[in-house]
Amino acid sequence: MHITKTAFILFFMAVSLATHSSYGQSDELQIIPKPANVVVKEGIFTLNNRTGIAYDETFQVSAGFLRNYITSGSSIDLNGKASIHFIKETALPNPESYILDIEPSQIKIMASTDKGAFYAVQTLRQLLPPSFENGTCEKNDVAIPAMYIEDSPEFPYRGMHLDVCRHMFSIDNIKTYIDAIAMLKFNTFHWHLTDDQGWRIEIKKYPNLQKVAAYRTETLIGHYNTEPQQFDGKRYGGYYTQEQIKDIVAYAQSRHVTVIPEIEMPGHAQAAISAYPELGCTGKKIDAATKWGVFDDIFCPKDATFEFLQDVLDEVLELFPSEYIHIGGDEAPKTRWEACQHCQTLIKNKGLKDEHELQSYFITRIEKYLNSKGRQIIGWDEILEGGLAPNATVMSWRGTNGAVEAAKLNHNVIMTPNSHLYFDYYQFDGDGEPLAIGGYIPLEKVYNLNPIPDGLTEEQAGYVLGAQANLWTEYIPTFDQVTYMVFPRILALSEVIWRNPKNKNYNEFAARVENFQNRLDVLGINYANHLNTITGSMSPNGFVLKTPILNKDIYYTLDGNLPQIHSKKYTAPIPIMGNTHIKAAVFEDNKQVSSVFSQSINHHKAFGAKITLNPLPHKTYSGSGAEGMVNGISGSSSRYGDKEWIGYSGEDVEIVIDLGKKTKINTIETRFYHAPGQWIYAPKSVEIGFNGSSSKTVTLHPTDDLMANLKIDLKKTKSRFIFIKVPNFGIIPEGKQGAGHRAWTFIDEIIVN
Ligand code: TNX
């Protein structure tokens, strides 16, 4: 069949208009990521021993995958007459597009490339029972509803990252990871292979990388912020041999996944320097890092260092055919370069302004080398500082500013903002989660991401190649925990980058996630499940209880007792008239299927008062807005990213609370988050004022549980207004994470009694 592209699209629109109206939400197709266009047709195709596959060599990988999936998933042998046809169709939007046309008599998979057909196969896979995943399908006739799907990705770069330096995972684990991402139509695996805590790629020319840099003497136990820090006393490490790496690259290719290796420079290089101290500026012997963070010993820009890096890259290029090589570039403190004679002379001789321009010189020199070998570099957004290397692609991780800046400079960007795509952050703000680095990125937040950042013209938006979630593994020692952090958030990301839907419906998506869990169960993939979890929020009408999937039965109590099936059923917001404690749970068939939601609401004197914040909080940490500061609900003691804390990046804040009338005030209380590891500092002091009397300054003392508590006793001050000035902590001191940047301020509920 050969039709022009326009004719094809017109034809398709006609079909979809004709049938779309009958296709309601209740019979939503259970496919993730959701295909762009689906038309359900009459009848079913039956997969059985009369079925066979026909394809030519264009479709070897995709057809081979389907054959293997069906024959190893069931007793169906596919030796029948060909009724699944792979057909080359060039009139499609791009090489990854496909058509999957299921009719009662045959299935047609149409694409211009094997890659497109591979995605058709992944869609078809999700139309088969999950039991195919582990070979336990016992049916001889498997019904597939007839439908016509035309599907195409929004973004050409769809990535998942994995850090194997902080913790390492087996070759089989890496393959499972690649399988999982290919199933969801991702096309890139970003493999973070070198860092301060371990060098994980065999480089034959430098045996000490294997002998020394691959190991650390011990590892931090528990959270970085828990003082005193403790260590396990156990040597940890290992590396992937070049044979193993070839195996992984080939495995990924057979799933149309490109592996992009990351070799970090000039920072995060402590392990390499532990093996070859001359690569650092001081030449002193150091060890691979045993805890997390940002370290001063970085590669020194000497000719010998560049020679080393070029040798390393030569071996890397042999192993990885990817167009892109990731060269890191993040978090490189300039302390050593400032004190290094060689670096200072280099700055002078090259006419550079400072150490940032020296970093740019470093990256540009490596870029030139890689460009000369026909490759392109990707770097973290710090490579913008001191001037961007001419052809570099920027991976924007510190929010989206880096992306905006790079796109405006006509450079390609990949979105990995730590506001939405850091899967090492917590995904739930209740108890029972495994220890994580911090942060809070629930499923819904990932689902609501728009990979195109604000502030770009349409043309500039064209530089956004796509998005990627990062999985840093400081706090992730096992592969079960890797998949727990990744699933289900990867499902939301797959939908966002495959489709970037305009009209999002989180509840509908959550229902598909619940269905997808059946597949994960059969695959034996450990995942987080918070779909039955109740969340609460204050509204003008009272307290609202919700679950991600609609129409679940929620029962609640206000007397402190555990909710039961005989408790009050939730139907409308619960009015709050005084101090209240709500406990709630979801019940299905008389059985409790959620954990107990529990929320105290403090009906203090400023509850529901008029409040203004100047300036407004940072848009990533805006909590529940100004009203959320007096909604009776305190923030979590361990998650500053929840919807009760508000955060400011470097700014001073002024808060005005209007109690409506002159009110007797005895105490004012609040909390400031204090987690120096995350650049968050409580202010040194706070000023509190009232109308008609002079203001008071209160000094703050952070405790070791990440907080600074403010409580001021006023002995019956009378005032209608309360003025609170919260100055920013200021510049983060040397030796701390984020040194030289302004600190973040996080503020909790303001409680007035
Ligand atoms: C920052 S993201 C890092 C990593 C850490 C991560 C933890 C980036 C380019 N650098 O080294 O593992 O934060 O979330």
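Take the stretch 131-140 and flag every residue that is open to solvent by less than 40 Å² (accessible area, probe 1.4 Å) and farther than 19 Å from A63 by Cα. Quick ask: steps written out before the conclusion?
Step one: of the stretch 131-140, the residues open to solvent by less than 40 Å² (accessible area, probe 1.4 Å) are 131-133, 135, 137.
Within the stretch 131-140, S131, C137 qualify.
Answer yes if at least one residue in the stretch 592-610 is touching a helix residue (DSSP H, G or I) at 6+ places or on another chain (Cβ under 8 Å), over 22 Å from M707 (Cβ atoms) and open to solvent by 60 Å² or more (accessible area, probe 1.4 Å), and no otherwise.
Yes, the stretch 592-610 contains at least one residue that is touching a helix residue (DSSP H, G or I) at 6+ places or on another chain (Cβ under 8 Å), over 22 Å from M707 (Cβ atoms) and open to solvent by 60 Å² or more (accessible area, probe 1.4 Å).
Being open to solvent by less than 50 Å² (accessible area, probe 1.4 Å) and either under 28 Å from the mean Cα position of the chain (by Cα) or of a type in the set (K, R) (or both) is the filter here; which residues of the stretch 332-343 pass it?
Of the residues in the stretch 332-343, the ones open to solvent by less than 50 Å² (accessible area, probe 1.4 Å) are 332-335, 337, 340, 343.
Residues satisfying the conditions are A332, P333, K334.
Can you tell which of K302, K348, K285 is touching a residue at least 12 places away in the same chain (Cβ under 8 Å) and of a type in the set (K, R)? Before you say what the answer is, go through the steps one by one.
Details: K348 fails: touching a residue at least 12 places away in the same chain (Cβ under 8 Å); K285 fails: touching a residue at least 12 places away in the same chain (Cβ under 8 Å).
Within the list K302, K348, K285, the selection yields K302.
Which of the strands (runs of 3 or more DSSP E) contained wholly in the stretch 651-713 include at least 1 residues that are open to solvent by less than 40 Å² (accessible area, probe 1.4 Å) and in contact with a Phe, Trp or Tyr (Cβ under 9 Å, 6 or more places away or on another chain)? Steps first, answer last, please.
Working: elements: 653-673, 685-690, 693-699.
Fully inside the stretch 651-713 and qualifying: 653-673, 685-690.
How many residues does the stretch 257-282 hold that are in a loop (DSSP other than H, G, I, E, B) and either in the same structural domain as P676 (by TED's automatic domain parsing) or more than 22 Å from the chain's Cα centre (by Cα) (or both)?
Just the residues of the stretch 257-282 that are in a loop (DSSP other than H, G, I, E, B), to begin with: 257, 266-269, 276, 280-282.
Those still in the list that are either in the same structural domain as P676 (by TED's automatic domain parsing) or more than 22 Å from the chain's Cα centre (by Cα) (or both) too: 266-267, 269, 276, 280-282.
Total meeting the criteria: 7.
Just to be sure I understand, how many residues within the stretch 441-454 are in a helix (DSSP H, G or I) and open to solvent by 30 Å² or more (accessible area, probe 1.4 Å)? Outline the logic, then answer.
To start, the set of residues in the stretch 441-454 that are in a helix (DSSP H, G or I) comprises 443-447.
In the following step, the residues that additionally are open to solvent by 30 Å² or more (accessible area, probe 1.4 Å) were identified as 444-445.
Looking only at that region, the number is 2.
Would you check which residues across the stretch 208-234 are at pLDDT 95 or above, in contact with an Asp or Glu (Cβ under 7 Å, 6 or more places away or on another chain) and assigned to a loop (DSSP other than H, G, I, E, B) and list them?
Within the stretch 208-234, T217, E218, T219, D232, G233, K234 qualify.
Hey, any hits in the stretch 461-475 for a residue that's away from the ligand (no atom under 16 Å from the Cβ), over 28 Å from H268 (Cβ atoms) and either modelled with pLDDT of 95 or more or of a type in the set (S, T, N, Q) (or both)?
Just the residues of the stretch 461-475 that are away from the ligand (no atom under 16 Å from the Cβ), to begin with: 461-466.
The next check asks that each one be over 28 Å from H268 (Cβ atoms); those that pass are 461-462.
Still in the list and also either modelled with pLDDT of 95 or more or of a type in the set (S, T, N, Q) (or both): 461-462.
Yes.
If you go through the stretch 389-405 one residue at a time, how many are open to solvent by 20 Å² or more (accessible area, probe 1.4 Å), within 10 Å of the ligand (Cβ to nearest atom) and touching a residue at least 40 places away in the same chain (Cβ under 8 Å)?
The total comes to 1.
Let's see how each residue does on (1) within 12 Å of the ligand (Cβ to nearest atom); (2) closer than 23 Å to K504 by Cα:
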residue	(1), (2)
A407	no, no
V413	no, no
T416	yes, yes
D431	no, no
T457	no, yes
D480	no, no
T483	no, no
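Restricting attention to the stretch 625-650, report how many residues are more than 22 Å from the chain's Cα centre (by Cα) and either within 18 Å of P727 (Cα to Cα) or in a loop (DSSP other than H, G, I, E, B) (or both). First the steps, then the outcome.
Within the stretch 625-650, the subset more than 22 Å from the chain's Cα centre (by Cα) is 625-635, 637, 650.
So of that shortlist, the ones also either within 18 Å of P727 (Cα to Cα) or in a loop (DSSP other than H, G, I, E, B) (or both) come out as 625-626, 629, 631-635, 637, 650.
Counting residues in the stretch 625-650 that are more than 22 Å from the chain's Cα centre (by Cα) and either within 18 Å of P727 (Cα to Cα) or in a loop (DSSP other than H, G, I, E, B) (or both) gives 10.
Quick one: in the stretch 240-252, of everything that is open to solvent by 40 Å² or more (accessible area, probe 1.4 Å) and in contact (Cβ under 8 Å) with a residue 60 or more places away in the chain, which residue is farthest from A271 (Cα to Cα)? Please lay out each step first, then the result.
So in the stretch 240-252, the residues open to solvent by 40 Å² or more (accessible area, probe 1.4 Å) come out as 241, 243-244, 246-247, 250-251.
Filter again for in contact (Cβ under 8 Å) with a residue 60 or more places away in the chain, leaving 244, 246-247, 251.
Numbers: Q244: 21, K246: 23, D247: 25, Y251: 28 Å.
In this case the residue turns out to be Y251.
Hey, can you tell me all the residues within the stretch 166-207 that are assigned to a loop (DSSP other than H, G, I, E, B), within 16 Å of the ligand (Cβ to nearest atom) and over 20 Å from the mean Cα position of the chain (by Cα)?
Passing the criteria: D196, Q197, R200.
Being free of Cβ contacts under 8 Å to residues at least 60 places away in the same chain and either over 20 Å from L92 (Cα atoms) or assigned to a strand (DSSP E or B) (or both) narrows it down to one residue among I53, I31; which is it? Spell out the reasoning first.
Working: I31 fails: free of Cβ contacts under 8 Å to residues at least 60 places away in the same chain.
So the residue among I53, I31 that is free of Cβ contacts under 8 Å to residues at least 60 places away in the same chain and either over 20 Å from L92 (Cα atoms) or assigned to a strand (DSSP E or B) (or both) is I53.
Only one of (1) in contact (Cβ under 8 Å) with a residue 60 or more places away in the chain; (2) surrounded by fewer than 18 Cβ atoms within 10 Å (Cβ to Cβ) is not met by K185, so which one is it?
(2)
Quick check: anything in the stretch 425-437 within 22 Å of D521 (Cβ to Cβ) and of a type in the set (S, T, Y)?
Keep residues of the stretch 425-437 that are within 22 Å of D521 (Cβ to Cβ), which gives 427-428, 432-434.
Then drop every residue that is not of a type in the set (S, T, Y), which leaves none.
No, the stretch 425-437 has no match at all.
The values are calculated or read from the model by the stated rules, or taken from the named source; none is laboratory data. Keep in mind it's a predicted model, so treat the numbers as computed, not measured. We place every Cβ from the backbone using ideal geometry, glycine too, and count neighbours over all the protein chains shown. To get the accessible areas, we keep the full protein, side chains included, count just its heavy atoms, and leave off ligands, DNA and RNA. Shrake-Rupley method; radii C 1.70, N 1.55, O 1.52, S 1.80 Å.
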